[in-house]
Structures are given as C-alpha cells and as structure tokens.
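Taken together, the values in this text are just the output of simple stated rules run on the coordinates, not laboratory data. Remember, it's a predicted structure, so these values are computed and weren't measured experimentally. Positions of Cβ are backbone-derived with ideal geometry, glycine not excepted, and every protein chain shown enters the neighbour counts.
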Amino acid sequence: MTMLSINTNVGALKAAQASYSVNKSMETSMQRLSTGKRINGSIDDAAGLQISTRLTAEIQGLNQAVRNAADGQAMLAAAEGGMNEIHVILLRMRELAVQAANGTGDVADRAALNSEFVALEAEITRISEETTWGGIELLDGTFTDGALGNGRFAVGPDATAAQTISHSILDLAPTAASLGLVAAVTLVTFANALSAVTQLDAAISAVGTQRQQVGATMNRLDHAIANLQNVSTNLAVAKGRIEDADFAAESSNLARTQVLQQASMAMLSQANASKQNILALFN
C-alpha cells in the first residue's frame with residue numbers, strides 16, 4: 001500500500017535527482033563541445049590529464065629543438081659565407097703569387113703585385129675577426145663546443161649531452177696555425193713568390209676542409225629537424241587521442257540530455273502537483 005505523505009514528496013525528490021544528473025551531463029557535453037577537449041580538468045580524467053601534460057611538455061621541447069637546429073643552420077651558413085669569401089681571396093692571392101714567380105717580371109712588377117697581395121691578406125684578417133652571428137665570433141677560433149657552448153646545438157626535447165650536435169671552427173686568420181701563412185710571406189722576390197704558392201695551397205686546402213665540415217653539420221641538422229618534426233607530429237596525434245573530444249559522440253549526448261532535461265522537469269512539476277490531490281480528502 002502506498003502511503004500518502006505531505007512532508008516527503010518521493011516522486012519530486014527522485015525527479016529532482018534525475019534532473020541534477022542530466023544537467024551535469026549536459027554541462028559536461030557543452031563544455032567539451034565549446035573547448036574541443038574531452039579533458040578540461042582533472043575531474044574528467046586524472047590519469048589522462050597527467051599523460052597529456054607530459055606529452056605537451058615533450059612536444060613543446062621538440063618544437064623548440066626544431067627552432068634550435070634551424071638557428072644552428074643559419075649560424076653555420078653565416079660562417080660558411082665568410083669562409084667562401086676567404087676562399088676567393090686565397091685563390092686570388094695564389095694567382096698573384098704564380099704571376100710573381102714568373103721570370104718576365106722585374107722588381108717593380110713584383111712590388112705592385114705584392115701591394116695587392118698584402119691588402120688581400122689584411123682583408124682575410126678582417127673577415128676572420130668580424131664574421132659574427134648575433135655577436136658571436138665565428139671564424140676567430142673561439143667558436144667551439146667548449147665551456148661557452150657556442151658550437152653546441154640542442155636538438156632534443158631535454159637538451160642533454162646526448163641530444164646535442166657540436167661543431168668547432170678553427171681560427172682562419174692568415175697567420176693562424178690552421179692556415180699556416182707565415183707573417184713575412186710576400187711576393188717581393190722570386191723565392192718569396194714560390195714559397196707563397198706552396199703556403200697558399202695548404203691554406204686553400206685548410207679552408208676547404210672547414211667548409212666541408214660545416215656543410216656536413218648543416219646536413220646533419222637538416223636530418224635532425226626532419227626527425228624532430230616526425231616525432232612531434234606522432235606525439236601530437238597521441239595527445240589528441242587522449243584529450244580531444246569526440247564531437248559526434250558529444251553532440252549526440254547533448255541532444256539526449258536536452259530531451260531528458262525537459263522530461264525530468266515535466267515529471268518534477270507533475271510530482272509537485274500530485275500532492276495537491278491530498279487536499280481533496282478534506283472536502
């Protein structure tokens with residue numbers, strides 16, 4: 001037998017509880033549809049949020065590593081541009097030395113050739129001292145992977161030693177050991193000219209070796225960028241599967257909860273109205 005009660009409206013309480021549950025589900029669907037995310041807070045999926053946060057940190061690190069590698073390529077390109085000009089100058093100096101070693105010239109001719117030769121040597125010195133990238137000297141022998149870290153390019157999300165590509169550039173000043181031109185090299189005598197040709201051949205070879213090494217490192221950075229972008233893309237896909245909302249499912253759930261909300265409110269109104277029937281007992 002069902003008891004008639006005024007103090008406790010069981011039907012209204014159950015209808016209100018159902019309405020609360022439906023409203024909460026509808027609010028969740030609306031939030032997911034508005035943000036595009038299934039996980040908007042730890043209450044949605046605590047474990048998923050933790051994994052998603054770790055993936056976000058790694059993706060950001062990978063994307064920064066891509067920019068680091070691209071900056072490294074730009075820096076090495078600047079260095080290679082300076083080396084190219086030094087190469088051109090050394091070839092001209094060798095041409096002058098070969099001309100001075102020819103027996104058809106007299107002292108005045110060799111003096112004229114030596115004047116240009118000395119000026120070109122001074123220009124190599126200037127290029128080696130003034131070729132910079134963002135204030136960092138590139139061709140004066142200080143660009144190394146040592147304590148300053150100028151030649152260390154972080155190409156990984158954690159920037160550890162294993163995730164770096166290093167490069168060093170020797171001092172390309174004319175009298176530096178790497179080029180080997182003696183301070184007194186001139187073209188004023190026949191013997192000086194012959195010696196200059198030999199020294200310049202070694203210097204040209206040394207600069208060529210440096211340019212080859214720069215090119216190899218730039219190619220390595222290019223492959224590193226491609227790999228980083230591939231890993232970043234795969235992690236972004238994995239992260240999306242964890243935290244992104246399924247729009248089809250959420251749209252369907254929203255439509256369902258809207259219908260249930262209307263039904264629960266109608267039942268709540270009917271349950272409240274049903275208690276009015278008890279008053280008929282007093283008539």
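PRE reach from residue 175 (point 7 Å along Cα→Cβ): which of the range 181-214 fall under 15 Å by backbone N?
Within reach of a label on residue 175: 181-186.
Based only on Cα atoms, what mean projected area does the convex hull of the chain have, in nm²? All intermediate terms of the calculation are to be shown ahead of the outcome.
Values: hull surface 97.9 nm².
Approximately 24.5 nm², given one-decimal rounding.
Considering every Cα-Cα pair within the range 107-227, what fraction, in whole percent, is farther apart than 16 Å? Mind dumping the intermediate values first?
Values: 4937 of 7260 pairs.
Counting every Cα pair in the range 107-227, those more than 16 Å apart make up 68 percent.
Under a plain spin-label model, where a point goes 7 Å from the Cα along Cα-to-Cβ, how far apart in nm are residue 251 and residue 126?
Once both label points are built, they end up 6.8 nm from each other.
Give me the number: length gained by fully extending residue 262 to residue 233, i.e. 0.36 nm times residue separation minus the C-alpha to C-alpha distance, one decimal in nm. Please report the intermediate quantities before stating the final value.
Numbers: separation 29, 0.36 × 29 = 10.44 nm, distance 4.36 nm.
Working it through step by step, the gained length comes to 6.1 nm.
Hey, could you get me the Stokes-Einstein D for the range 93-148, Kirkwood radius over alpha-carbon pairs, 4 °C and 1.567 mPa s, rounded to whole µm² s⁻¹?
On the way: Rh = 13.6 Å.
Once the numbers are plugged in, D ends up at 95 µm²/s.
Taking every eigenvalue of the Cα gyration tensor of the range 61-173, multiplying by 5 and rooting it, what semi-axes result, largest first, whole Å? If you can, show how the numbers build up before the last one.
Numbers: eigenvalues 339, 25, 20 Å².
In descending order, the three semi-axes are 41, 11, 10 Å.
Under 12 Å from the Cβ of residue 186, count the other residues' Cβ atoms, weight Lys and Arg +1, Asp and Glu -1, and hand me the total.
Values: positive: 110; negative: 116, 121.
Within the 12 Å Cβ shell, the charges total -1.
Determine the calculated [θ] at 222 nm for the chain from helices alone, applying -39500 (n - 2.57) to every DSSP H run no shorter than 4 residues and normalising by the residue count; nearest 500 deg cm²/dmol. Intermediate results must be reported in sequence, preceding the final value.
Values: 5 runs with 187 residues, N = 283.
It comes out at -24500 deg cm²/dmol, rounded to the nearest 500.
Arranged from highest to lowest average of other beta-carbon atoms within 10 Å per residue, in what order do the peptides 103-112, 205-214 appear? If you can, show how the numbers build up before the last one.
On the way: 103-112: 11.9, 205-214: 16.2.
The packing order, highest mean first, is 205-214, 103-112.
What is the total of Lys pairs in the chain with C-alpha atoms under 30 Å apart, excluding same-chain pairs fewer than 8 positions apart?
Value for the chain: 6.
What nm distance separates the two modelled labels at residue 44 and residue 116, each placed 7 Å from Cα along Cα→Cβ?
7.3 nm
In the range 11-133, if every C-alpha pair distance is counted and binned at 10 Å from zero, what percent goes to each bin?
Distribution as computed: 10, 18, 14, 11, 9, 9, 9, 8, 6, 3, 2, 1, 0 percent.
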